[in-house]
Amino acid sequence: MLEQLLIFTRGGLILWTCNELGNALKGSPIDTLIRSCLLEERSGAASYNYDVPGASYTLKWTFHNELGLVFVAVYQRILHLLYVEDLLAMVKREFSQVYDPKRTVYNDFDETFRQLKVEALARAEDLKKSNPVVRPVGGNNGKKQGQGNNKSGLEGGNKTKSEGGLKDDGSADGNNNKGDDNKGRKLENGYSNGNFVVTKDSNVDSNVNGRVNASSGNGAFDVNKLQKLRSKGSKKTDIVPKASKADPNKKATKKNRVWDDTPVEKKLDFTDNAGEDGDRKIDFVAPVQGESMMDKEEIISSESEDEEEEDDVGKKNKPSAKNKGWFSSMFQSIAGKANLEKSDLEPALKALKDRLMTKNVAEEIAEKLCESVAASLEGKKLASFTRISSTAHAAMEEALVRILTPKRSIDILRDVHASKEQRKPYVVVFVGVNGVGKSTNLAKVAYWLLQHNVSVMMAACDTFRSGAVEQLRTHARRLQIPIFEKGYEKDPAVVAKEAIQEATRNGSDVVLVDTAGRMQDNEPLMRALSKLIYLNNPDLVLFVGEALVGNDAVDQLSKFNQKLGDLSPSSNPRLIDGILLTKFDTIDDKVGAALSMVYISGSPVMFVGCGQSYTDLKKLNVKSIVKTLLK
Amino acid sequence: MDPIEQFEEWKEQASHLWRVAMDHLRHVPPTQLYAAAAIVVFTTVLLLSRLLKRAKANTIVLTGLSGSGKSVLFYQLRDGSTHQGTVTSMEPNEGTFVLHGETTKKGKIKAVHIVDVPGHSRLRPKLDEYLPQAAGVVFVVDALDFLPNCRAASEYLYDLLTKGSVVKKKVPLLILCNKTDKVTAHTKEFIRRQMEKEIDKLRTSRSAISEADITNEFTLGVPGEPFTFTQCSNKVTTAEASGLTGEISQLEEFIREHVKP
């Protein structure tokens, strides 16, 4: 049963809701959908699930980009309503005809909607009957009920196609003249009433199942599977054109990234210092100096990059222009194209996707982004003197900036001060796979914090790899900060807990917890990590990932997040709050990992490690990343 | 070749070209010349008028956290009604209109350009597009659900108050406490005090980062003193409103004060 159907503008004004459905929704599924799905460039997805205590909804949506309208349907998750997509498409078509930007009340749309719904139900029914793929499904409750009360409604559904009297109330004034092209709306008087009762029944889905069962005698129909099948089919056709060869122009320009040149300072080799006297001799010899790069301004030579970009775009566009003929494309660019269609966008988006992938963005994510950009452009009017590729390019740039802009504040110092007021240490846990540089970057973060007069303590909770504690101890000695360690073979969760207690005692502001590196598939280790996080409830869980990673970034982060969620004993588990991107100095212009990670986890990149010395820690410069990605 | 010689040569060439051009011009019928001149004048006028229009600041920008009620206020100002309610905005609402409360007034009333910028943090970069033309900024705060959002709101306000376009032009700012029709809503004095405290804390932590951050080029207040809004270079005032019940007279006053009829 459909719970609610809304039509609203992209500006947020609700134009029409279905009054007759009028069920009060629990929580605010619409706002959540917009905030966590549509604004996160996930609008290419098919549906969104929303859970609150007491209800779980599935939401489906469609855009009308030319008019700037959004159509959202909400229904209970347990019911797999097949007709919703169809209904949304029909509502979109009908509503766009009556829409007027100045009007804000559309009470007369109620009647149109009623008819559309009936029609959609009937069509879904037909589809089900004509489709030969019927799979048996166990546990089809409500079967009997469905067979019992639905006969009349379904018969009515079949009658829709037969010619009947045109039922059209006066209120739907705009529809009288359109009756011809919408033959589906010709409904019998009695039927439309009769079926109406049925739709009010809360059990449409089971009805449907029951019917199919009766006619085929083969078992009920799994709507879900059908949908999956269909989406699979459509995906396949999508992929075929994309598999064609890559654009040859793409590798035309690549430029070395110029990072701030920092004074190469200090030797990294302290073995001889600590060597003979063992650990007792503390070397104050080389107290580290220099400002952390977190505090330095970054100067980007934006102009040259801009120029190159334009050049690139120009080159790219030439082949497509040639295909269409010089004159028509010229005319199109001056006059502006009426409405963009998916087929128009495809070449431009494919080029964009390829470009993103050469920048090491995971394929899955590039694909999703392009779908989302396509969804936001489809149906839009192309402005005069613009080309499709540049429009797509601009839309993608906007989308990328939106994704990479942090959703929450990444002002760690502010958070540190806040917890200082509450007289408890601010705990940061560094997690990640093996060898990405957790300990090294932990030291860099410690150094940066020290520079801002924050007292830091390290906790060596890597009790697994040999030498890990010693490595951290060396860093601690260099930075002259206390370290909490309990040797090896201890439960890291307990070590962390004791470290935090110790920090509370001696008044440290921040505790940096180093954990053992672990592969995302290693369940025992992931369980241990989950326990550590659950037991200590840190203020920040920082995922350390290396920028070298390509497609694996998706796997790492999603599995980490998933495992932390699944294996946590609490019902409201802590997930990854932020990302520390390491080895950023090694990747030239292949900065795609930043995008992949942020997109997958939804959490911001808080630090970027870009070198071997303590000062080599920076903030992510969103603008330069976007520029590099689209270069 | 020394530069003077070079220059002479260029001059020669230029005068030659000029002569050729004049010769050519004489062959062209005068009607065509007039038409060409008319086109040139017309385009320059068009461009100039566009530029001038841009430069004039008569925009009121509504901003604040997501869910504080900006869109509702926007529609209250425009139509005097909230229609069927609003959901989270994905795009700015923008319009040039005569305020609904003033449509009954006699005489010529100038329309106001009002922009409602979405509060979702991903959409905040949009704000920079409108701020240069702003005659006034309204920062909407949810007075009902204030305390949980206090920090986020203060951070946003801090960013806003340190934006170059706001500081340089001394754009007046109104902190509008919305939803005051509810009994449990906080008073504007309370909200003002809390935000001042919160910004005071932010000052210390942000000044540490700001060297790295290009966006925050200005610092707020006087160092060594607790922060108050009176220390800002621009005028910061507070007011109360209720978007749902349509109690927005203080907001209208603010708009009229800064966009003269």
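How large is the dipole of the stretch B:3-53 about the Cα centre if only Lys and Arg carry +1 and Asp and Glu carry -1, each at its Cβ, rounded to the nearest 20 debye?
It works out to roughly 500 debye.
Can you compute the FRET efficiency between B:Met22 and A:Ala383 using 1/(1 + (r/R0)^6), with r the Cβ-Cβ distance and R0 = 51 Å? Round to the nearest 0.05.
0.80
Using 32 Å as the Cα-Cα cut-off, could you pick out the over-long pairs in B:Lys163/B:Lys260; A:Lys531/A:Lys583; A:Lys102/B:Lys105; A:Lys26/B:Lys105?
Among B:Lys163/B:Lys260; A:Lys531/A:Lys583; A:Lys102/B:Lys105; A:Lys26/B:Lys105, the Cα-Cα distance tops 32 Å for A:Lys26/B:Lys105.
Based on the Cβ-Cβ distance of A:Arg465 and A:Thr62, what FRET efficiency does E = 1/(1 + (r/R0)^6) give at R0 = 51 Å, to the nearest 0.05? Don't jump to the answer; show the numbers that get you there.
Working: r = 51 Å, r/R0 = 1.01.
My answer for the efficiency is 0.50.
Say R0 is 30 Å: what FRET efficiency, to the nearest 0.05, do B:Glu253 and B:Thr44 get from their beta-carbon distance?
Taking R0 as 30 Å, the efficiency between B:Glu253 and B:Thr44 is 0.15.
Given the pairs A:Lys619/B:Lys201; A:Lys438/A:Lys631; A:Lys368/A:Lys559; A:Lys60/A:Lys368; A:Lys60/A:Lys627; A:Lys350/A:Lys381, which span a C-alpha to C-alpha distance of over 25 angstrom in this model?
Beyond 25 Å between Cα atoms: A:Lys438/A:Lys631; A:Lys60/A:Lys627.
Suppose every Lys and Arg Cβ carries +1 and every Asp and Glu Cβ carries -1, with no other charges. What dipole size does the stretch B:56-258 come out with about its Cα centre, to the nearest 20 debye?
Details: 26 positive and 25 negative charges, 91 e Å.
That gives a dipole near 440 debye.
Diagonalise the Cα gyration tensor of the stretch B:3-53 and give the resulting equivalent ellipsoid semi-axes, square root of 5 times each eigenvalue, largest first, whole Å. Provide the component values of the computation, followed by the final result.
Working: eigenvalues 201, 89, 3 Å².
Semi-axes from the Cα gyration tensor: 32, 21, 4 Å.
Among A:Gln556, A:Thr582, A:Pro492, pick out the residue whose Cα is farthest towards the positive end of the charge dipole of the stretch A:477-592, where Lys and Arg carry +1 and Asp and Glu carry -1 on C-beta, about the Cα centre.
Of the listed residues, the answer is A:Pro492.
Between A:Asn49 and A:Asp588, what is the label-point separation in nm under the 7 Å Cα-to-beta-carbon projection?
Here the answer is 4.2 nm between the modelled labels.
In square nanometres, what is the average projected area of the Cα convex hull of the stretch A:568-626?
So the mean shadow area of the Cα hull is 5.2 nm².
Stretched out fully, how many nm does the piece from A:Asn107 to A:Ser558 gain, at 0.36 nm a residue minus the Cα gap?
In short, 157.9 nm is gained.
Within 10 Å of each Cβ in peptide B:121-132, how many partner chain Cβ atoms are there on average? Round it to a whole number, please.
Numbers: counts 9, 12, 3, 2, 6, 2, 0, 0, 0, 0, 0, 0.
Neighbouring Cβ atoms belonging to other protein chains average 3 per residue here.
Can you show me the helix-derived [θ] at 222 nm for chain B, built from DSSP H runs with n ≥ 4 at -39,500 (n - 2.57) apiece and divided by the number of residues, rounded to the nearest 500.
For chain B, the value works out to -15000 deg cm²/dmol.
Can you sort A:Ile533, B:Ile4 from fewest to most other Cβ atoms within 10 Å of each residue's own Cβ?
Fewest-to-most ranking of A:Ile533, B:Ile4: B:Ile4, A:Ile533.
Under a crude label model (7 Å from the Cα following the beta-carbon direction), how far is A:Asp31 from B:Thr31 in nanometres?
Rounded to a tenth, the inter-label distance reads 6.8 nm.
Just so you know, all these numbers are worked out from the coordinates, no wet-lab data involved. Owing to the predicted nature of the structure, the values given are computational and were not obtained by experimental measurement. All Cβ positions, glycine included, derive from the backbone under ideal geometry; neighbour counts span all protein chains shown.
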